Amino acid sequence: MERTFLAIKPDGVQRKLVGEIIRRFEAKGFTLVGLKLMNVSRELAESHYGVHKDKPFFAGLVEFITSGPVVAMVWEGDGVIAAARKVIGATNPLNAEPGTIRGDFGANIGRNLIHGSDAPETAQSEIALWFSDAELVAWQPTIMSWIYE
Ligand code: DAT
Ligand code: MG
């Protein structure tokens, strides 16, 4: 089964949207296999967003992600990487479709509530960056046969 890394950013935590956001992925049928509330170090933030280090918004992005607690998660499911990106919506909440997390709750690109890995390679490296093996819990939901044919 595929796994992806998702993180509710400091704005999502401050706005008390943690339950609402987790509910959407649970309701969709994905399985939570890693979860922690944490403060993000500058080192972790710069590593996580390393691909953007030459962008003009990089400093602000690192400042933002380290500004308050984040909920780091790993979710499992068939096709979960691409599907979670659809549940999340477009990077700029003003362009995100209603029904998506960013479309329903966001109004600014710098406050877009949640991160999601964008491809299998980034999912793998982000999971390894944020979680140790011991923090990931492999389990089989008993309702699996009602979610997958
Ligand atoms: P995504 O989070 O949808 O994967 P991304 O990887 O392109 O988007 O960018 C990472 C984050 O950086 C994004 O969630 C918000 C911020 N960001 C991206 N483009 C930006 C811009 N033009 N101005 C300000 N912040 C931006
Ligand atoms: Mg990205």
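What follows draws every value from the coordinates through simple rules; no lab data is involved. Please read these numbers as outputs of a predicted model, since none were measured by experiment. Ideal geometry is used to build each Cβ from the backbone, glycine not excepted, and the neighbour counts take in all protein chains shown.
Under the classification rounded if a/c is under 1.5, otherwise prolate if a/b is larger than b/c and oblate if not, where does the range 1-65 fall, given a ≥ b ≥ c as square roots of the Cα gyration tensor eigenvalues?
Details: a/c = 2.35, a/b = 1.68, b/c = 1.40.
Here the range 1-65 falls in the prolate category.
What length, rounded to one decimal in nm, is gained on full extension from W139 through to E63, with 0.36 nm per residue of separation minus their alpha-carbon distance?
Details: separation 76, 0.36 × 76 = 27.36 nm, distance 3.54 nm.
Full-extension gain reported as 23.8 nm.
Report the one residue of N112, L44, G34 whose Cα lies farthest in the direction of the positive end of the charge dipole of the range 2-139 (charges on C-beta: Lys and Arg +1, Asp and Glu -1; origin at the Cα centre).
Result: N112.
Suppose a student asked you for the relative contact order of the chain, using Cα pairs under 8 Å spaced at least 6 residues apart; what percent would you report? Could the numbers behind the result be given before it?
Working: 232 pairs, mean separation 51.0, N = 149.
Rounded, it is 34 percent for the chain.
What is the distance in Å between the Cα centres of the range 61-91 and the range 124-145?
Comparing the Cα centres of the range 61-91 and the range 124-145, I get a distance of 15 Å.
Over the chain, what portion of Cα pair distances is larger than 25 Å, expressed as a whole percent? Don't skip to the answer; put the middle values down first.
Details: 2633 of 11026 pairs.
That fraction is 24 percent.
So, with +1 on the Cβ of K and R and -1 on the Cβ of D and E, and no other charges, what is the size of the charge dipole of the chain about its Cα centre, to the nearest 20 debye? Provide the component values of the computation, followed by the final result.
Working: 15 positive and 18 negative charges, 106 e Å.
Dipole of the chain, to the nearest 20 debye: 520 debye.
Report, in deg cm²/dmol and to the nearest 500, the calculated mean residue ellipticity at 222 nm for the chain, where each DSSP H run with n ≥ 4 adds -39500 (n - 2.57) and the sum is divided by the residue count.
On the way: 8 runs with 60 residues, N = 149.
Computed ellipticity for the chain at 222 nm equals -10500 deg cm²/dmol.
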